[in-house]
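The values are calculated or read from the model by the stated rules, or taken from the named source; none is laboratory data. This is a predicted model, so every value here is computed, not measured. Note that each Cβ is placed from the backbone with ideal geometry, even for glycine, and that neighbours are counted across all protein chains shown.
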Amino acid sequence: MGVGGCLALPWRCLVVLCLRLLFLVPAGVPVRSGDATFPKAMDNVTVRQGESATLRCTVDNRVTRVAWLNRSSILYAGNDKWCLDPRVVLLANTKTQYSIQIHDVDVYDEGPYTCSVQTDNHPKTSRVHLIVQVSPKIIDISSDISINEGGNVSLTCIATGRPDPTITWRHISPKAVGFISEDEYLEITGITREQSGEYECSASNDVSAPVVQRVKVTVNYPPYISDAKSTGVPVGQKGILLCEASAVPSAEFQWYKDDKRLAEGQKGLKVENKAFFSRLTFFNVSEQDYGNYTCVASNQLGNTNASMILYGPGAVHDGNSGAWRRSGSAWLLLLPLAHLARQF
Ligand SMILES: *[C@@H]1O[C@H](CO)[C@@H](O)[C@H](O)[C@H]1NC(C)=O
Ligand SMILES: *[C@@H]1O[C@H](CO)[C@@H](O)[C@H](O)[C@H]1NC(C)=O
Ligand SMILES: *[C@@H]1O[C@H](CO)[C@@H](O)[C@H](O)[C@H]1NC(C)=O
Ligand SMILES: *[C@@H]1O[C@H](CO)[C@@H](O)[C@H](O)[C@H]1NC(C)=O
Ligand SMILES: *[C@@H]1O[C@H](CO)[C@@H](O)[C@H](O)[C@H]1NC(C)=O
Ligand SMILES: *[C@@H]1O[C@H](CO)[C@@H](O)[C@H](O)[C@H]1NC(C)=O
């Protein structure tokens, strides 16, 4: 039989054997309730990993010998320590109480502990279970991912803890959607652009606050021109053409007049390219500037274009009327002529 942790001195081990034979009932014998008022061990003890556990046993003055055992190994017999583990200390050995303490409890300490006493030459035992709780911890989670629209995504979140943590996935941004999986795995088939954003894995048990970790899912899609605006401008005034597009990754813009690409830095012209739009500014519109302009938005997944017309006052009677959307003028209804080409 194992005397794990017991000092390996021969006489001591002999005493262990004697204790076992003469007085310590082997671990596993249940407490006989009813006749045995003592020893009275406490209920099961639940502690968190790293904390200290106190094992108490109530005795009376008829008790002549006492011991605490971990499974079948003696931890303490009376005031004598039998195990080498420095975390185990004697807390009290009085006429009424026999208690030990285990510091820095770890999961392998979980299990049955036995208080064994001898009263009037009768051995009695009482058992208490030490239950060790561990805070949840996420040990493995998917990395941030970039995927083309329509693809399949599989996210994984593995967590440990005692008791086993409950794992959930939520879609938290750009718009909180709430729980979408009550599982370590989250499968999204045919992902859409609306499903991009941050996903949060949460692992919780009752031991401590839930732990969370986030994964960013980027959904790539080809450009989509949402708006193309033109203003009617008389000669000598400032004219602006605006092309708005959404795309992931962000679109790159090019401008054409009829079939000719507009060169960067052309005199009297400014092109401002931002992530979601491109703006073409004519500082001083001339007759030659009037015409059909095409904005092309592209990224690695494709391209699309939209055409709009820069009109002079000849064609536009109230040519300075600003944004076409707000105006009811008939000429403005012709605009923009969007060609949403090659959409995937
Ligand atoms: C103590 O823990 C053991 C093992 O987990 C369990 O079988 C037993 O029912 C528990 N006793 C009490 C009183 O909670
Ligand atoms: C109790 O016994 C187990 C199994 O032998 C051992 O791993 C653990 O360290 C022991 N704990 C104490 C406090 O003695
Ligand atoms: C995505 O999953 C569906 C259903 O499991 C499957 O039919 C389809 O081929 C998958 N698509 C890709 C790109 O793997
Ligand atoms: C615009 O261009 C015309 C013709 O080149 C010029 O006469 C006029 O002064 C310019 N206006 C401004 C505000 O630069
Ligand atoms: C402007 O150009 C585009 C592409 O070249 C063409 O499809 C469209 O019909 C033109 N619009 C007008 C009003 O000419
Ligand atoms: C605009 O889209 C149409 C339709 O896909 C295409 O035929 C045309 O070449 C595109 N124009 C430019 C300037 O890319």
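So is residue 232 out of contact with any strand residue (DSSP E or B) (no Cβ under 7 Å at 6 or more places or on another chain), touching a residue at least 40 places away in the same chain (Cβ under 8 Å) and more than 30 Å from residue 137 (Cα to Cα) or not?
Criteria met by residue 232.
Taking residue 278 as the residue in question, decide whether it is in contact with a Ser or Thr (Cβ under 6 Å, 6 or more places away or on another chain) and either within 16 Å of ligand 1 (Cβ to nearest atom) or modelled with pLDDT of 95 or more (or both).
Spelling it out, it is not the case that residue 278 is in contact with a Ser or Thr (Cβ under 6 Å, 6 or more places away or on another chain) and either within 16 Å of ligand 1 (Cβ to nearest atom) or modelled with pLDDT of 95 or more (or both).
Residue 142 versus (1) farther than 30 Å from residue 223 by Cβ; (2) touching a residue at least 60 places away in the same chain (Cβ under 8 Å): which is the lone unmet condition?
It is condition (1) that residue 142 fails.
Can you tell me which of 207, 219 is surrounded by 15 or more Cβ atoms within 10 Å (Cβ to Cβ), in contact (Cβ under 8 Å) with a residue 12 or more places away in the chain and not in a strand (DSSP E or B)?
From the options 207, 219, the qualifying one is 207.
Only one residue in 185, 224 is at pLDDT 95 or above and more than 30 Å from residue 136 (Cα to Cα), so which one is that?
One residue alone meets the criteria, 224.
Just checking: which of the strands (runs of 3 or more DSSP E) contained wholly in segment 97-160 hold 1 or more residues that are surrounded by fewer than 18 Cβ atoms within 10 Å (Cβ to Cβ) and in contact with a helix residue (DSSP H, G or I) (Cβ under 6 Å, 6 or more places away or on another chain)?
122-141
Consider residue 184 against the criteria (1) within 16 Å of the chain's Cα centre (by Cα); (2) within 14 Å of ligand 3 (Cβ to nearest atom); (3) buried (at least 18 other Cβ atoms within 10 Å of the Cβ): it satisfies all of them except one. Which criterion is unmet?
(2)
Every residue, every condition in (1) closer than 19 Å to residue 249 by Cα; (2) at pLDDT 95 or above; (3) part of a loop (DSSP other than H, G, I, E, B); (4) aliphatic (A, V, I, L, M), yes or no:
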residue	(1), (2), (3), (4)
288	no, no, no, no
293	no, yes, no, no
298	yes, yes, no, no
314	no, no, yes, no
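Identify all residues within segment 104-146 that are hydroxyl-bearing (Ser, Thr, Tyr) and closer than 19 Å to residue 165 by Cα; write none if there are none.
108, 135, 142
For residue 277, state whether it is in contact with a Cys (Cβ under 9 Å, 6 or more places away or on another chain), away from ligand 3 (no atom under 16 Å from the Cβ) and either of a type in the set (Lys, Arg) or farther than 30 Å from residue 169 by Cα (or both).
Yes; evaluated as a whole, the condition is true for this residue.
Pick from segment 35-55 the residues that are modelled with pLDDT under 95 and under 41 Å from the mean Cα position of the chain (by Cα): which of them is nearest to residue 134 (Cα to Cα)? Walk me through how you get there before you give the answer.
First, the residues of segment 35-55 that are modelled with pLDDT under 95: 35-44.
The next check asks that each one be under 41 Å from the mean Cα position of the chain (by Cα); those that pass are 42-44.
Working: 42: 22, 43: 20, 44: 17 Å.
Across segment 35-55, the extreme among qualifying residues is 44.
Restricting attention to segment 229-271, report how many residues are within 17 Å of residue 297 (Cβ to Cβ) and more than 16 Å from ligand 6 (Cβ to nearest atom).
Quick first cut of segment 229-271, residues within 17 Å of residue 297 (Cβ to Cβ) only: 229-230, 241-257, 261-262, 264, 271.
Subsequent filtering for residues that are more than 16 Å from ligand 6 (Cβ to nearest atom) retains 229-230, 242, 244, 246, 248-250, 264.
Going through segment 229-271 one residue at a time, the tally reaches 9.
Any idea how many residues of segment 222-234 are over 30 Å from residue 283 (Cα atoms) and surrounded by fewer than 20 Cβ atoms within 10 Å (Cβ to Cβ)?
Here the count works out to 0.
I'd like to verify a number: residues in segment 57-93 that are part of a strand (DSSP E or B), modelled with pLDDT under 95 and either surrounded by 19 or more Cβ atoms within 10 Å (Cβ to Cβ) or within 16 Å of ligand 3 (Cβ to nearest atom) (or both), how many?
Number satisfying all stated conditions: 2.
Being surrounded by fewer than 16 Cβ atoms within 10 Å (Cβ to Cβ), touching a residue at least 24 places away in the same chain (Cβ under 8 Å) and either among the small types (Gly, Ala, Ser) or part of a strand (DSSP E or B) (or both) narrows it down to one of 237, 213, so name that one.
213
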